[in-house]
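To keep things clear, I will list the structure first and then write my remarks on it.
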2 protein chains.
Amino acid sequence: MPYYIGDVIKDESRLVARTPEKFRQSGIDVKINTRALEADGVNKTVRLSDGAVIPYDFLVIGTGALASLPMIPGIESDGVFTLKNLPDALRMKTYLKERQGRKAVIVGAGFIAMEMAEALRNIGMETVIVHRGALPASRWDREFSKLMLEELSRNNVSFLTNREITAIEKGENASLRLITSEGEVPADFILFALGTRPNVKLAADMGVKIGKSGAIQVNFSQATNIGGVYAVGDCCEVFHRVSKGWVNLPLGDIANKQGRILGRNIGGGKAFFPGIVGAQSFKLFNLEVAAAGLDERESLSCGYHPVSAIVWGSAIGASMPGAKKVGIKLVADSATGKLLGAQALGEMGAVSRINLLSLALWAEMDIDDIAYLDLAYAPPFSGAWDVIHIAAQALARQI
Amino acid sequence: MPYYIGDVIKDESRLVARTPEKFRQSGIDVKINTRALEADGVNKTVRLSDGAVIPYDFLVIGTGALASLPMIPGIESDGVFTLKNLPDALRMKTYLKERQGRKAVIVGAGFIAMEMAEALRNIGMETVIVHRGALPASRWDREFSKLMLEELSRNNVSFLTNREITAIEKGENASLRLITSEGEVPADFILFALGTRPNVKLAADMGVKIGKSGAIQVNFSQATNIGGVYAVGDCCEVFHRVSKGWVNLPLGDIANKQGRILGRNIGGGKAFFPGIVGAQSFKLFNLEVAAAGLDERESLSCGYHPVSAIVWGSAIGASMPGAKKVGIKLVADSATGKLLGAQALGEMGAVSRINLLSLALWAEMDIDDIAYLDLAYAPPFSGAWDVIHIAAQALARQI
């Protein structure tokens, strides 16, 4: 019988349908509130926190990632959160409902910080982002990050730059205060959104190889170096089709795909995970923000010769009511003309275009092909020349 | 000096900037209200309707297409229109403004008919579509066409099926009446939207080869069989990357691309038109409708072995407010797994997905690749498994 070991959430959400009983009806023994303390790849057993030692034929490691937290005084205070999984979200929701605090502080400025800033403003919290750097979402071009900053400002989110966090203390105007290198910030609620690191302890302890990224090494069938031991999701690596290297990119859709591939392989079928191109997106109030592939720095480190262009155009036919601008940045290799990366930002049409460019990256298309792609043109949806065509032509002129 | 021969519209629109004077400032001699009656590929001359015979080094034929009209009594009546070009649209607009008619009839049920039904309802006209067949937009699957019919009905557009048109006469309740095989329909305004045929007379008369499609044969640089003679746009053929054949597909974005390719070649540069995949879309009130590639019938006639699946899913994350369903039909070759065609319909997300699948067709991707494509997932924009992934997996199970 297959086992599932870990947390199972019982709450008002739709996960109720997936309680241990339901799993058991499908022939899956679910041990809740149980930890896998140790696994033995030679004897093929797992030792659990309830004392049991259970045998396995296939061991699937899906230990996920751990949210990063700075080791500062007061980090354990009530009211300090990270957001990595559903229990985190539920704890946050309960806390905010019970405490009725007004002041929220987010430490970090990546896409979780951006999404949470919007969520907190939507429930009426005064929201402050405290960031070590100068601009949000540094994965994107500065031109786009500046527009995100404006969007935050338009929605009354304060953005405090170039601050190191030193401590969390009891507050006066609010229940807590965050001490920074540039003064203190009152807070009833503090969210650390500083990224994650793969949770590989169980795997590493049993001798599973860890890759350069710090995540578990797997092959295209999700197998590790130890026979019968597999890994999927945020704890493992994934093949990046543009850099041709193995990376750790903790995103839910990748975990989903890896799980399905592995399930088919363990279940007696055959499947191969073709990898990713690093497609990602988030919504920031009225903005869509998305990217895929490599930026210039990453391209250089792979040995490519990147050139780039940013082009702004109309997200739909320019003469249509409600038309908005969308900005597209393309990065290509000047030696081969191949697309290496893309970024987009706008009130509409940014994500759909990055999806298109993700497919172009997947298929290793070059800029000349992209400049003449056949798209389903009609004025309510795009111009006869889409901004993608125009951006590709602009970049082609540089090559 | 390059010549442009044909109609130039002088009106309130933004085309004012492109009057003959403006063109002349750019070194282009524009002869308005002048027809090219005859061209001579041996002596390299064109005889014009003003009597002049002008020489050329490069002759570009961009004669477009002619809207199809049935040869029935009364077809020349005032109030009968086709919609092929901007002058047609301006004539229609003036007529509707001056006559204040209430009853509009559209003959035909393709995408021009659909777009015009919406436009006419938007200015408050009572609108009736008269169609030879039973469902609109027969390029799409019957399941989708039925939903278009419901959308027409929801927006008070009558749809009269299985009627042949026999005559147009002076009317009683309205200025005209359309006589059909199943009774008559009163009309102040009649639009024939029965498709187009390429306008190839000038080309054919000078010995330019006409393809099986009835349009001018060109190569990938837009050259015809006669040296120095080129063709672009609705009058010529285009390479279809899925059927691997040359077709005539009179769409504005294709004409634009061909014009640009030819301009580069004539101007001393080098360019190659890579062809199309038949991507197209239209808006019908609240619906997005789009398609690309081949349907089953076309696939069979190419020698493919088509299988298909229609899948409905959420256009954005299913838990997001405002989420709507989108339907995707995929057609693939059961011998190779290659995608052959795609159709989509929904209140949101249909066109963006067809654009993605157009790129998949372009790159000759197979269903297994599409099932695991890396897209920029975030709940405001899609599910972790997009409906495209789900449709590809559903189809893969049939192969």
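Values quoted throughout were computed directly from the atomic coordinates according to the rules given, and no laboratory measurement underlies them. Everything numeric here is computed off the predicted structure, so don't read it as measured data. No Cβ is skipped: glycine too gets one built from the backbone with ideal geometry, and neighbour counts run over all protein chains shown.
Looking only at residues in the range B:368-385 that are more than 30 Å from the chain's Cα centre (by Cα) and within 21 Å of B:V331 (Cβ to Cβ), the one that is surrounded by the most Cβ atoms within 10 Å (Cβ to Cβ) is B:Y372. Hey, does the range A:383-399 have a residue that's more than 9 Å from chain B (Cβ to nearest Cβ), in contact with a Ser or Thr (Cβ under 6 Å, 6 or more places away or on another chain) and of a type outside the set (D, E)? The answer is yes; a qualifying residue exists. So, B:D374, is that one free of Cβ contacts under 8 Å to residues at least 12 places away in the same chain and either facing another protein chain (nearest Cβ under 9 Å) or assigned to a helix (DSSP H, G or I) (or both) or not? So B:D374 fits the description; yes. Among the residues of the range B:222-243, those identified as hydroxyl-bearing (S, T, Y) and more than 28 Å from B:G303 (Cβ to Cβ) are B:T224, B:Y230. Scanning the range A:265-274 for residues that are hydrophobic (A, V, I, L, M, F, W, C) and facing chain B (nearest Cβ under 8 Å) yields a single hit, A:F273. Yes or no: A:L356 touching a residue at least 60 places away in the same chain (Cβ under 8 Å) and not hydroxyl-bearing (S, T, Y)? No. Among the residues of the range A:335-367, the ones that are more than 8 Å from chain B (Cβ to nearest Cβ), surrounded by fewer than 24 Cβ atoms within 10 Å (Cβ to Cβ) and either in contact with a Leu (Cβ under 6 Å, 6 or more places away or on another chain) or not in a strand (DSSP E or B) (or both) come to 6 in all.
Within the range A:145-153, can one find any residue that is under 25 Å from A:E184 (Cβ atoms) and surrounded by fewer than 17 Cβ atoms within 10 Å (Cβ to Cβ)? Yes, there is a match, as at least one residue in the range A:145-153 is under 25 Å from A:E184 (Cβ atoms) and surrounded by fewer than 17 Cβ atoms within 10 Å (Cβ to Cβ).
Pairing each residue of the range A:136-164 that is touching a residue at least 12 places away in the same chain (Cβ under 8 Å) with any residue that is part of a loop (DSSP other than H, G, I, E, B) and loosely packed, with under 14 Cβ neighbours inside 10 Å, provided the two are 6+ apart or on different chains, yields C-beta distances under 6 Å for A:R163/A:S181; A:R163/A:E182; A:E164/A:S181. Residues that are within 13 Å of chain A (Cβ to nearest Cβ), surrounded by fewer than 24 Cβ atoms within 10 Å (Cβ to Cβ) and free of Cβ contacts under 8 Å to residues at least 60 places away in the same chain within the range B:275-308 comprise just one, B:G275. From the list B:L249, B:L262, which residue is out of contact with any Pro (no Cβ under 9 Å at 6 or more places or on another chain) and within 12 Å of chain A (Cβ to nearest Cβ)? The unique qualifying residue is B:L249.
When the residues of the range B:386-399 are filtered to those that are assigned to a loop (DSSP other than H, G, I, E, B) and touching a residue at least 40 places away in the same chain (Cβ under 8 Å), which remaining residue is nearest to the chain's Cα centre (by Cα)? The qualifying residue nearest to the chain's Cα centre (by Cα) is B:D386.
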